[in-house]
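Before any comments, here is the structure.
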Amino acid sequence: MKEEPNREFVTSAGKVIHLQPVAMRLFTDTDAEVEREFVKVGKPVEPPKYEVPLGGGGTKSWYFDKETIASRTKDGTLTDEEKEAWAAHQECLKSLKAEQNERGTVVAIIEGVMDEPTEDWLARMKFYGMKLPENPYDLKVRYVTYEFLRTPTDMAAFSSATMLLCAGMEVDQTAIEAALESFRDSVRGRVGPLLEQLAQTLARRREGELDVQSGVPEGPGGGESGQVDDGIRSDEQG
């Protein structure tokens, strides 16, 4: 008898989430629908164009790309209007990708997660005073994100598991963990300076060398600005 493929994985909180394959076509169609919505409301999904004179007279329109922008910036022929149009296009692409990712996650949860909100979870949310959505699909998304996908690592593992099932393979927890190790390394790299500073502060406190008072600490990240150079701020704002 053929063994059933594994369709579950364990989250960082030790909770088992049960999955089923989702049609890959549903994800691609969802992405296309989001793009159509952006175009419909006039967002600059397409790159801006520029005109090139033709030898026999007239002009021809071409789309800007990164190479063209760099070249015309270097030779000083890029106008302020073109620069603003390109910047607006880039921001639009970021928003488009974010919306597609968010919509794709919703699809993956509703179509791919077998677990449904439990009475215990509903009771806990009521105890916390949480106002839960009445729509069953919204409720399921809220349940899965609250109960299972509690950390960025959980979300990345969920996406990996979903893609494995979409490709006709089983959920391989070991393979997912190996793939996510690079994800963890990147996160550690960004927060490393902050963690190191915290570790040094805690060590100084234990040794009695630091008298912690309220307010902004002195040293790097302290002073009047109140900013902490933790290696994260530039990523978030960039």
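Key figures
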item	result
Any hit, the stretch 208-227, residues being at pLDDT 60 or above and farther than 29 Å from residue 27 by Cα	yes
Selection from the stretch 151-163 of residues that are touching a residue at least 12 places away in the same chain (Cβ under 8 Å) and either within 14 Å of residue 9 (Cα to Cα) or outside the structural domain of residue 17 (by TED's automatic domain parsing) (or both)	153, 154, 155, 156, 157, 158, 159, 160, 161, 162
Unique match (being modelled with pLDDT under 90 and over 30 Å from residue 175 (Cβ atoms)) among 39, 52	52
Among the residues listed as 72, 7, the single one being touching a strand residue (DSSP E or B) at 6+ places or on another chain (Cβ under 6 Å) and surrounded by 15 or more Cβ atoms within 10 Å (Cβ to Cβ)	7
Cross-chain or 6+ apart pairs with Cβ under 7 Å, the stretch 128-140 first and under 22 Å from residue 107 (Cα atoms), then acidic (Asp, Glu) and modelled with pLDDT of 95 or more	140/116
Filter pass, residue 126 being out of contact with any Leu (no Cβ under 9 Å at 6 or more places or on another chain), at pLDDT 95 or above, more than 30 Å from residue 49 (Cα to Cα) and of a type outside the set (A, V, I, L, M, F, W, C)	no
Near pairs, Cβ below 8 angstrom, 6+ apart or cross-chain, from the stretch 41-57 (under 15 Å from residue 78 (Cα atoms)) to any residue that is part of a loop (DSSP other than H, G, I, E, B)	47/64; 47/65; 48/64; 49/64; 50/64
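The values are calculated or read from the model by the stated rules, or taken from the named source; none is laboratory data. Quick caveat, the model's predicted, so the values are computed rather than measured. Glycine also receives a Cβ, built like all others from the backbone with ideal geometry; neighbour counts cover every protein chain displayed.
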